[in-house]
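**Q** Below is a structure I'd like to ask you about.
The values are calculated or read from the model by the stated rules, or taken from the named source; none is laboratory data. Computed from a predicted structure; not experimentally measured. Don't worry about glycine lacking a Cβ; one is built from the backbone with ideal geometry, like all the others, and counts go over all protein chains shown. Note: accessible area is taken over every heavy atom of the protein model, side chains too, but ligands, DNA and RNA are not part of it. Shrake-Rupley method; radii C 1.70, N 1.55, O 1.52, S 1.80 Å.
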Amino acid sequence: MSVKKRVYTYQGDDGETRTREVWRARVWTYPPHGPRKEVEDEFETWKEAKKWEGDQRTGARGRTLDVERTTLADAGLWERAESRLRARLAPKTFDHYRRGWEKRVIGSLGSLKLGQLTTGAIEHAAVEWARAGAGPSTVRQARLALSAVLDVAVSDGLLPVNVAAVRTRGKRSGRRQKRKVGKTMRPEQLAELVDGIRDLPAGETYALMVDLMGTAALRYGEAAGLRVGDIDFGRGVIELQRQVTEVSKEELDAPLKEGYWRDGNLVWGPLKNGDDRTVPVPLHLVKSLRALTVGRRAGELVFRSERGEKVVRRNTLARKVGWSKRVARMGFVGFRIHDLRATALTNLLEAGVKLHVVRDIAGHSDLRVTNLYTRPHDDALSLAAAALDTYAGRTR
């Protein structure tokens, strides 16, 4: 729904060019039968236009869709839910929802009548998405998008029930459980990775960035958005206050949730859970971070691209250091940049740091999340077997 000023130019009876201002209101309506439709009208004043818009909105409430005749693609449910989803989701999350809706949900389920949209149909579609190569996170985002949109339709009285309601706790915990062993590096393995990156041309910045993520548990967006003034060398801590993410080109001109701001296709905003957090500066990085930031202003980026005052993009980091091949040669096939965070948290626990302290460093609200997030190293099971043999007095 929108109200915009329109200016018409016309020629009067005296031959003079004149203008006329009107306010045009445009509204999507949701009839009881058939797909949504757009209606509009023009008014002399903004107040009249807004009143008409409100009347249309009120009149649309409580109506139900003809579930036997209207397809999911024609029901206009995404357009109805879009503004509410933008208001409560981070820009990057909204972007994932939008793409999941357009590519997965409408691509597979759009031709179904609303009455044919069942839990079974959704489960079948999710299986097909996975078979086509979509990862668990991609499948989950598409299902969450569908569930969120149907939630809005139910709350507006357009549908009786949300057949896509996602019960997240059991499934999410189960998937994390499968990842609990492996995909973390021991300190000496992380040091090997960092040293190899440092030996590359202009590799010092990338090496230090990887080292910080792998020892202080920073997410990529937090490290990329780190400012010189965020590091307090006197206290030995980093005050994390913001993160930066990339959005798709479709979202370049889209409105942002309050608290976020845009620079091209980069979106800046608060940390993932909305709260600032404090993490310790790893002692072995103090000297390097001092050298990197000496003489620079507090508002400057700590890690800058080779082109100057630019954010180090994730794909640039991966390309410059040859990430996939480098970690594969070390025996860590599929190790992601984000796995550096799990590496840091796991090593903190291995070092004897108390779980509630690790939770605060990670920025988790629940100890159970931290416990699920950390994972034993690859050799943890063999070490456990060796320890049992030693305890039992067995020798090989």
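**Q** With every protein chain left in place and a probe of 1.4 Å, what is the accessible surface of residue 97, to the nearest 10 Å²?
**A** The accessible area of residue 97 comes to roughly 20 Å².
**Q** Turning to a different aspect of this structure: Taking R0 as 30 Å, what's the FRET efficiency between residue 137 and residue 69 from their Cβ-Cβ distance, rounded to 0.05?
**A** 0.30
**Q** How far apart, in nm, are two points set 7 Å out from the Cα along the Cα-to-Cβ line at residue 371 and at residue 42?
**A** Each label point lies 7 Å from its Cα, and together they span 6.6 nm.
**Q** Can you tell me the order of 342-349, 183-190, 282-289 when each peptide is scored by its average per-residue count of other Cβ atoms within 10 angstrom, highest first?
**A** So the peptides 342-349, 183-190, 282-289, ranked by packing, come out 342-349, 183-190, 282-289.
**Q** Let me ask something else. Can you list the aspartates and glutamates whose alpha carbon sits under 17 Å from that of residue 47, skipping same-chain ones fewer than 8 residues off?
**A** 21, 55
**Q** Pairs to check: 92/354; 4/103; 103/320; 113/272; 287/320. Give those whose C-alpha atoms are more than 29 Å from each other in this structure.
**A** Result: 92/354; 4/103; 103/320; 113/272 exceed 29 Å.
**Q** Under a point-charge model restricted to the Cβ atoms of Lys and Arg (+1) and Asp and Glu (-1), what is the dipole moment magnitude of region 277-349 relative to its Cα centre, in debye to the nearest 20?
**A** 240 debye
**Q** Same structure, new question: Give me the lysines in straight-line cross-link reach of residue 183: C-alpha distance below 20 Å, same-chain residues under 8 apart excluded.
**A** 325
**Q** Considering only protein heavy atoms, what is the solvent-accessible area of residue 147 at a probe of 1.4 Å, reported in Å² to the nearest 10?
**A** Using a 1.4 Å probe on the heavy atoms, I get roughly 10 Å².
**Q** I've got another one for you. Where does each of 356, 124, 364 land when they are ordered by accessible area, with a 1.4 Å probe and the largest first?
**A** From most exposed to least exposed: 124, 356, 364.
**Q** Heavy atoms of the protein only, probe of 1.4 Å, neighbouring chains included. What is the accessible area of residue 89 in Å², nearest 10?
**A** Estimated to the nearest 10 Å², residue 89 gives 20 Å².
**Q** Same structure again: As an exercise, use a Förster radius of 51 Å and the Cβ-Cβ distance of residue 123 and residue 297 to find the FRET efficiency, rounded to the nearest 0.05.
**A** Working from the Cβ atoms, E equals 0.40.
**Q** Next question. With the Cα gyration tensor of region 289-358 giving a ≥ b ≥ c as the square roots of its eigenvalues, does the rule (a/c under 1.5 for rounded; else a/b larger than b/c for prolate; else oblate) give rounded, prolate or oblate?
**A** Oblate is the answer for region 289-358, as a/c is 1.5 or above yet b/c matches or exceeds a/b.
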